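Novice: Have a look at this one before I ask anything.
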Amino acid sequence: MKDLLRIKSLISSDIEALLNQQVKKEALSSSIYLAMASWCNRNGYDFSSEYFFKQADEERHHQLKFYKYILDMGGNAVSPEVTGIKQEFNSFREVFEEALDQEISVTNSIKNIYARCMKEQDFITMEFLNWFLKEQREEEYKARRALELFEVIGEEGTGRWQIDKHVGQIKYDSEA
Amino acid sequence: MIATTELTLWTDVFSTKTGAVYQCDAERCWYVDFAGKVARFDHRNFLKLRKAVYAIDIEEKLLNTTTDPDVEIIFICACDHCYVLSLAQIINLKELLEGTFVMLELNHIIHDRLFSNSL
Ligand SMILES: [Fe+2]
Ligand SMILES: [Fe+2]
């Protein structure tokens with residue numbers, strides 16, 4: 001008896017489901033960042049707003065990377081429904097705290113897919129995920145650095161204005 | 001394990017008292033003998049059937065005391081077949097599909113092993 005499921009698709013249905021979940025997660029990230037860009041813009045934090053617009057674009061790009069991978073491997077990519085995006089924040093700092101939370105949860109879910117791939121010996125998807133593992137290093141670094149600015153600059157006086165200016169300059173370039 | 005019919009070579013995948021699933025390698029499809037008919041499913045539609053059946057909340061239906069009939073219509077997009085099933089039949093179909101996918105998974109493992117051993 002031929003292995004028909006394998007002939008049609010390189011990835012197992014479990015991995016396919018996890019990857020579709022990740023598609024949704026990246027779409028959610030993109031929408032969250034877009035809401036943050038709007039809040040920052042409305043409150044006068046133009047550099048941060050620009051920073052979140054860029055992040056939203058990147059998350060959309062991540063979403064498409066997963067989406068196309070599922071299709072290329074013979075799976076069924078599902079366009080996700082994204083609802084319940086928080087539009088208002090209590091403070092400038094809260095925006096960055098939630099940005100870091102979101103990145104940590106993305107790192108965890110990618111690790112979870114990786115663990116499942118190891119169990120199934122799906123080396124091909126593991127190799128595909130390597131790019132994302134490296135990307136999360138950068139994403140968490142940037143989110144953590146933004147929060148650090150609140151500590152080193154302080155929010156008093158023109159502090160928030162300074163923090164905003166520096167958020168626009170956050171970069172991660174590690175050769176490792 | 002190979003059953004020959006008049007027409008093509010079908011392999012038994014899994015069967016229960018109420019139904020059976022056969023695989024046809026030549027046509028790369030499955031035949032589901034259930035609820036009085038034999039229906040042909042290609043790869044995509046077979047996975048859609050599984051998804052539709054697994055999505056039915058059997059427990060909720062059992063506890064549901066409203067007067068509407070316990071009938072579920074399983075309609076699969078871009079597929080010629082449609083099932084109108086009673087609650088008992090849904091349970092039977094689910095059992096049939098679960099067993100089928102375990103056997104397909106087993107077949108996959110065997111193929112995997114055979115291939116890696118021949119290297
Ligand atoms: Fe991402
Ligand atoms: Fe991210």
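Just so you know, all these numbers are worked out from the coordinates, no wet-lab data involved. Bear in mind that the values here come from a model prediction, so they are computed numbers and not experimental data. Virtual Cβ from ideal backbone geometry, glycine too; neighbours counted across all protein chains shown.
Novice: Per the helix-only calculation at 222 nm, which mean residue ellipticity applies to chain B, given -39500 (n - 2.57) for every DSSP H run of n ≥ 4 and division by its residues, nearest 500 deg cm²/dmol?
Specialist: -13500 deg cm²/dmol
Novice: May I pose another question? For the protein assembly as shown, take the convex hull of the Cα atoms, compute a quarter of its surface area, and give me that in nm², please.
Specialist: If you wrap the Cα atoms of the protein assembly as shown in a convex hull and average its projections, you get 21.8 nm².
Novice: Helix B:87-117 against the longest principal axis of chain B: what's the angle in degrees, Cα atoms only, rounded to the nearest 10?
Specialist: Tilt relative to chain B: about 20 degrees.
Novice: Would you kindly work out the equivalent ellipsoid of chain A from its C-alpha gyration tensor and give its semi-axes, the square roots of five times the eigenvalues, largest first in whole Å?
Specialist: So the three semi-axes of chain A are 36, 16, 11 Å.
Novice: Now for a separate question. Treating the angle as unsigned and between 0 and 90°, give the value, to the nearest 10°, between the Cα long axis of helix B:43-54 and the longest Cα principal axis of chain B.
Specialist: 40
Novice: Do any of A:2/B:94; A:25/A:134; A:8/A:68 go past 19 Å between their Cα atoms, and which?
Specialist: Violating the 19 Å limit, Cα to Cα: A:2/B:94.
Novice: Still on this model: How far apart, in nanometres, would the label points at residue A:170 and residue A:111 be if each is projected 7 angstrom from Cα along the Cα-to-Cβ direction?
Specialist: 2.0
Novice: Moving on. Can you give the local net charge around residue A:176? Use residues other than it whose beta-carbon is closer than 12 angstrom to its beta-carbon, Lys and Arg +1, Asp and Glu -1.
Specialist: Charge balance in the 12 Å sphere: -1.
Novice: Can you spot the aspartates and glutamates whose alpha carbon is less than 16 Å from residue A:111's alpha carbon? Ignore those fewer than 8 places along the same chain.
Specialist: A:14, A:16, A:26, A:101, A:103, A:120, A:122, A:127, A:135, A:138, A:139, A:140
Novice: Run the simple label-point estimate for residue A:121 and residue A:24 please: 7 Å along Cα→C-beta, distance reported in nm.
Specialist: Going by the 7 Å Cα→Cβ label model, 3.1 nm.
Novice: In a Debye calculation with equal point scatterers on the alpha-carbon sites of the stretch B:1-117 and no solvent, what is log10 I(q)/I(0) at q = 0.11, 0.14, 0.21 Å⁻¹?
Specialist: Each listed q corresponds, in turn, to -0.41, -0.64, -1.24.
Novice: I've got another one for you. With a sphere of radius 12 Å drawn around the Cβ of residue A:135, what net charge do the other residues whose Cβ falls strictly inside it have (Lys, Arg +1; Asp, Glu -1)?
Specialist: Result for the local shell: -3.
Novice: What is the mean projected area of the alpha carbon convex hull for the stretch A:45-122, to one decimal in square nanometres?
Specialist: 6.5
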